[in-house]
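The values are calculated or read from the model by the stated rules, or taken from the named source; none is laboratory data. Everything numeric in this text was worked out from a predicted model, so none of it was measured. Here the Cβ is made from the backbone with ideal geometry for all residues, glycine too, and neighbour counts use every protein chain on show.
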C-alpha cells in the first residue's frame with residue numbers, strides 16, 4: 001500500500017514525529033508498505049523544502065511563507081496536500097487533527113465532496129485538542145482555539161478511519177461521531193534506547209555509586225509543582241542520603257523553581273538538575289537511577305495522553321512509582337509492574353518511592369516486569385499490524 005503521513009510540525013525539536021510517527025512509519029515499511037512523511041517545518045524553518053531520510057523513512061518538508069497574513073495557513077496547507085498527492089498514495093494518515101495538516105485534510109475532504117477521486121483519510125489523535133485540552137495549555141488566540149476545536153470535531157467525525165492513543169480519546173472520538181468499527185486504539189509503544197552505563201551516568205553528575213538515586217524524567221507541565229516539591233521534601237527527610245536526578249526542562253523554567261524550593265526547604269544538596277539532555281546521553285541517565293517517579297494531575301488533558309516518557313522508563317526496566325491517571329493504568333499494573341497511587345496522594349507516592357529505593361528485590365522484580373509488559377504488549381511492530389488491518393478495512397468499506 002502507498003501511504004503518506006501528514007505531520008503536525010517539523011521533526012525538530014518537538015517529539016510527536018519522533019515518538020509516534022517515525023516508529024509507526026518504520027514498522028509499516030518493514031511490513032512491505034511504501035510510506036513517506038510530509039511535514040510543515042515551522043518549528044525548524046531552516047529545513048523548509050528539504051527532503052531527508054530519518055531512521056529509514058523519507059521526510060518531505062514543505063516550503064514555508066508567507067509568514068503572516070490571511071493566506072499564510074491556507075498556502076502551507078495546500079502545499080502539504082499537493083506534496084502528499086504527488087506521491088499518489090492510496091491513503092493519507094493525518095497526525096493531530098489541527099493546524100496546517102488539519103487544513104490540508106479538510107481540503108482533501110472538501111475536494112472529495114466535489115466528486116474528485118482522492119485518497120482515503122485516516123486521522124490520528126494523541127491529545128485532546130479543544131476545550132479542556134491543548135487549547136487550555138497553550139496561549140493560542142481566540143481564533144486559533146476556535147479553529148482547532150472545529151478541526152478536531154470535523155476531522156474526527158468525517159475521516160474514513162480514526163486512530164487514538166488512549167482509551168479516553170477513544171471515548172471522545174466516539175462522542176464526536178467517529179464510527180466505532182473504524183476507530184482503532186493505538187497507544188504509544190516504547191522508545192527502545194541502548195543500555196546505559198550506571199557508573200558513567202553517576203560520575204557525570206558527581207553522584208557516588210552507593211547513594212540511592214531517584215530519577216525525575218519530565219516536562220513538568222503535567223503536574224502541580226507544589227506537589228512535586230512536597231513529595232521530594234518528604235522523601236529526602238525519610239532518606240537523608242537520597243539524591244534526585246532531574247532530567248528535563250519545563251516551559252517556564254520549572255526546574256529552576258525546583259532548585260530554589262529545595263534550597264529554601266533545606267534539601268538543595270540532594271537535587272541535581274540535569275536539564276534537557278541529548279538523546280545519546282539519556283541511556284546513562286536512566287541507568288544511573290535506582291527508581292523513578294511519575295507525577296500526573298487528574299485532568300482531561302492528562303487522561304487523554306499516552307505518556308511516551310513513562311513507556312520509555314518502563315521499557316528501560318526502571319522501577320516506577322506513578323500516579324494512576326489514564327493510560328498509566330494501561331502501561332503498569334499495581335504491585336505487578338509498578339507501584340500506582342491516586343493522583344494527588346502525596347503520602348502514598350512518597351511511600352511507594354521509598355519502598356522501591358529501599359527494597360531492591362521488589363524494585364528489580366517490578367522493573368523487569370514493566371520492561372517485559374511494555375516491550376511486548378505495546379510493541380510498535382504489533383501496533384503496525386493492527387493499523388494495517390484498519391487500513392484494509394477502511395479501503396474495503
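In table form, for the structure just shown:
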read-out	value
Some residue of segment 365-388 being touching a residue at least 24 places away in the same chain (Cβ under 8 Å), out of contact with any strand residue (DSSP E or B) (no Cβ under 6 Å at 6 or more places or on another chain) and outside any helix (DSSP H, G or I)	yes
Among (1) touching a helix residue (DSSP H, G or I) at 6+ places or on another chain (Cβ under 9 Å); (2) at pLDDT below 90 - the single one residue 30 does not satisfy	(2)
Index of the failed condition, residue 387 passing every other in (1) at positive phi; (2) surrounded by 16 or more Cβ atoms within 10 Å (Cβ to Cβ)	(1)
Residues within segment 218-268 that are over 27 Å from residue 134 (Cα atoms) and either out of contact with any strand residue (DSSP E or B) (no Cβ under 8 Å at 6 or more places or on another chain) or outside the structural domain of residue 344 (by TED's automatic domain parsing) (or both), tallied	15
Any pair with Cβ under 6 angstrom, 6 or more apart, that starts in segment 215-237 at a residue that is more than 15 Å from residue 357 (Cα to Cα) and ends at one that is in a strand (DSSP E or B)	217/247
Residue match in segment 287-302 (condition: more than 26 Å from residue 169 (Cα to Cα), assigned to a strand (DSSP E or B) and in contact (Cβ under 8 Å) with a residue 60 or more places away in the chain)	yes
Among the residues listed as 267, 296, the single one being buried (at least 17 other Cβ atoms within 10 Å of the Cβ) and over 29 Å from residue 190 (Cα atoms)	267
Residue in segment 213-232 that is nearest to residue 341 (Cα to Cα), counting only those that are touching a helix residue (DSSP H, G or I) at 6+ places or on another chain (Cβ under 8 Å) and surrounded by fewer than 18 Cβ atoms within 10 Å (Cβ to Cβ)	227
So residue 311, is it within 24 Å of residue 183 (Cα to Cα) and in contact with a helix residue (DSSP H, G or I) (Cβ under 7 Å, 6 or more places away or on another chain)	yes
Selected residue [touching a helix residue (DSSP H, G or I) at 6+ places or on another chain (Cβ under 7 Å) and within 30 Å of residue 28 (Cβ to Cβ)] from 379, 353, 371	371
Qualifying residues in segment 314-326 (those that are outside any strand (DSSP E or B) and touching a helix residue (DSSP H, G or I) at 6+ places or on another chain (Cβ under 7 Å)) - the one nearest to residue 376 (Cα to Cα)	315
